[in-house]
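J.: A single structure is presented below for examination.
The values are calculated or read from the model by the stated rules, or taken from the named source; none is laboratory data. Remember, it's a predicted structure, so these values are computed and weren't measured experimentally. Glycine gets a Cβ as well: all are built from the backbone with ideal geometry, and neighbour counts include every protein chain shown. Calculation scope for accessible area: heavy atoms of the full protein, side chains included, ligands and nucleic acids excluded. Shrake-Rupley method; radii C 1.70, N 1.55, O 1.52, S 1.80 Å.
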Amino acid sequence: MILLQSHSRFLLQTLLSRVHNLEKAVEVDYNWVEFDDVRYHVQVSMKNPHLFLLSVSLPIPSADTVFCGGLPSGAIEAIKAAYGILVQILDPPRDGFNLTLKLNLSKLPLDEDNRHTVLVKLASIREVVLGAPLRGILKQLGSRVVASDVNKLVALVHRPKESFFLVPQAEKVTVVFPMRFKDSIDIALATSFLQEFVEARRTAGLNNAPPCSWSLSPPQELKGAPSDALSANAGFVTFVIFTRHVEGKRVDRVIWSLSTFHAYVSYHVKCSEGFMHTRMRRRVESLIQALDRAKPDAIETRRKTHSRSFKRLVGDGNSG
């Protein structure tokens, strides 16, 4: 199975290109969209080639998700902690975007390895912003601090107008994903995939992974959730995160894996669908070839008969 990368590949390529050509005054103006409707816009002017403007538009939050100033809770603090003096948050952001950052590329580290690490972190702005509230909850779990919102249902956005839910507790955090798909084939494939996903967790090599379960009906943790959250045509997936799962650098991997779980499932559903279509096309082609080989030889025999020429025998006049 393939895990999605936390950084935007196109954003990283754009940053690397600008850093390697920092002395050249080249105007840059790019727009693009990535999975879960996260939009990016980058701009560099010829007048200030060392200044890099990055704007990010997040998925539209659902009614049960709380945004503060157009951003998830704790996003501003997470940006300052991740990037320090390297970035400046512009207020207000660019029209149509939730966040605009001004990057001063001349302040990057001189060491090439350190500089590349910082650029990868900049290209991971999506993880920093959308994962900020999740990071805060998991860090409290890792430090064994009892949160003020213990046992309270917390909704976090991860897709346009869709949320997943957390229930923080003293020794664990329960995470519930309502799985929704539009296409009937995707629903069937996702249901089968999720059942196999839960079964794979029970293998011996995954004993230390977070426990997970799947059900068609909403789990008890979603009691009191809005009615829209309880409608999931592909069921509900529940993870239980314990302290050992968020120790040290493990917390970064857990945050990204949870934030992109629906995209991870969607990716493998589409791959499975494409693989099945390819197999069916190959099967049809092999059947057509078999039918072509099974045609009777009567037609070919008839052709040979009609193509024969007969010579008329003319007897010798002196005979008899």
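J.: Step by step: first the residues of the range 158-197, then only those that are acidic (Asp, Glu) and more than 25 Å from residue 142 (Cα to Cα), then the one that is least open to solvent (accessible area, probe 1.4 Å). Which residue is that?
T.: Only one residue fits best here, namely 186.
J.: Quick check on my filter: what residues within the range 2-23 are more than 15 Å from the chain's Cα centre (by Cα) and modelled with pLDDT of 80 or more?
T.: Within the range 2-23, 11, 12, 13, 14, 15, 16, 17, 18, 19, 20, 21, 22 qualify.
J.: If you don't mind, another one. Taking the stated definitions as given, is residue 126 over 20 Å from residue 245 (Cα atoms), outside the structural domain of residue 228 (by the TED database) and touching an Asp or Glu at 6+ places or on another chain (Cβ under 8 Å)?
T.: Spelling it out, residue 126 is indeed over 20 Å from residue 245 (Cα atoms), outside the structural domain of residue 228 (by the TED database) and touching an Asp or Glu at 6+ places or on another chain (Cβ under 8 Å).
J.: Please specify each residue of the range 231-268 satisfying the condition of being over 23 Å from the mean Cα position of the chain (by Cα) and in contact (Cβ under 8 Å) with a residue 24 or more places away in the chain.
T.: Within the range 231-268, 242, 243, 244, 247 qualify.
J.: Tell me, please, whether a residue that is surrounded by 16 or more Cβ atoms within 10 Å (Cβ to Cβ), of a type in the set (S, T, N, Q) and more than 30 Å from residue 271 (Cα to Cα) can be found in the range 102-119.
T.: Scanning the range 102-119 turns up no residue that is surrounded by 16 or more Cβ atoms within 10 Å (Cβ to Cβ), of a type in the set (S, T, N, Q) and more than 30 Å from residue 271 (Cα to Cα).
J.: Right, next: Would you tally the residues in the range 198-209 being open to solvent by 50 Å² or more (accessible area, probe 1.4 Å) and closer than 21 Å to residue 235 by Cα?
T.: 2
J.: Determine the pairs where a residue that is farther than 21 Å from residue 23 by Cα, located within the range 91-115, has a partner that is outside any strand (DSSP E or B) and of a type in the set (D, E, K, R) with Cβ atoms under 6 Å apart, the partner being 6 or more residues away or on another chain.
T.: 100/94
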